[in-house]
1. Within the chain, which is the longest segment containing none of the trypsin sites (Lys or Arg not before Pro) that sit in a DSSP loop and have at most 11 other Cβ atoms within 10 Å?
2. Just check the chain against the gyration tensor rule for me: Cα atoms, a ≥ b ≥ c as the square roots of the eigenvalues, rounded for a/c under 1.5, and otherwise prolate or oblate depending on whether a/b exceeds b/c.
3. Could you work out the local net charge near L57, counting Lys and Arg as +1, Asp and Glu as -1, over the other residues with Cβ closer than 15 Å to its Cβ?
4. For segment 6-45, what class follows from the C-alpha gyration tensor (a ≥ b ≥ c being the square roots of its eigenvalues): rounded when a/c is under 1.5, otherwise prolate if a/b is larger than b/c, else oblate?
5. Suppose every Lys and Arg Cβ carries +1 and every Asp and Glu Cβ carries -1, with no other charges. What dipole size does the chain come out with about its Cα centre, to the nearest 20 debye?
6. Among the lysines, select those whose C-alpha is under 18 Å from the C-alpha of K67, and discard any that sit fewer than 8 residues away in the same chain.
7. Could you pull out every one of the aspartates and glutamates with an alpha carbon less than 19 Å from that of K18, ignoring same-chain neighbours closer than 8 positions?
8. Starting from the Cα of D50, step 7 Å toward the Cβ, then list every residue of segment 3-43 with an amide N under 13 Å from that point.
Amino acid sequence: MNIVGQLEALGLNGRQAKIYLALLQLGSASAIEIAKATGFKHPTVYDVLDVLKARRLVSESMSEGRKLFVAE
């Protein structure tokens, strides 16, 4: 089973798993950077990040006027 499959087995859907994995690889990243890394559209990334933040899997901070996200 690949990493995305393992994350799905832990309760994340496919998009959530791919975005979480991208954040693990990128470290701290903006939604645009995550969108480029995953191929998802920008609004989709924000929707998924909101879910991941609610599940406390992702945190958000501001740096130089940009929202940055990091996997917990």
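1. Working: sites that count: K41, R56.
In the chain, the maximal stretch lacking such sites is 1-40.
2. Working: a/c = 1.82, a/b = 1.59, b/c = 1.14.
The shape class here is prolate.
3. Details: positive: R15, K18, K53, R55, R56; negative: E8, D47, D50, E60, E72.
Local net charge: 0.
4. Details: a/c = 2.74, a/b = 1.52, b/c = 1.81.
Judged from the Cα gyration tensor, segment 6-45 comes out oblate (a/c at least 1.5, b/c at or above a/b).
5. Numbers: 9 positive and 7 negative charges, 19 e Å.
That gives a dipole near 100 debye.
6. K36, K41, K53
7. Within the straight-line cut-off, K18 pairs with E8, E33, D47, D50, E60, E72.
8. 43
Values quoted throughout were computed directly from the atomic coordinates according to the rules given, and no laboratory measurement underlies them. This structure is a prediction, so every number in the text was calculated from the model and none was measured. Methodologically, a virtual Cβ is constructed for each residue, glycine included, from the backbone with ideal geometry; neighbour enumeration extends over all protein chains shown.
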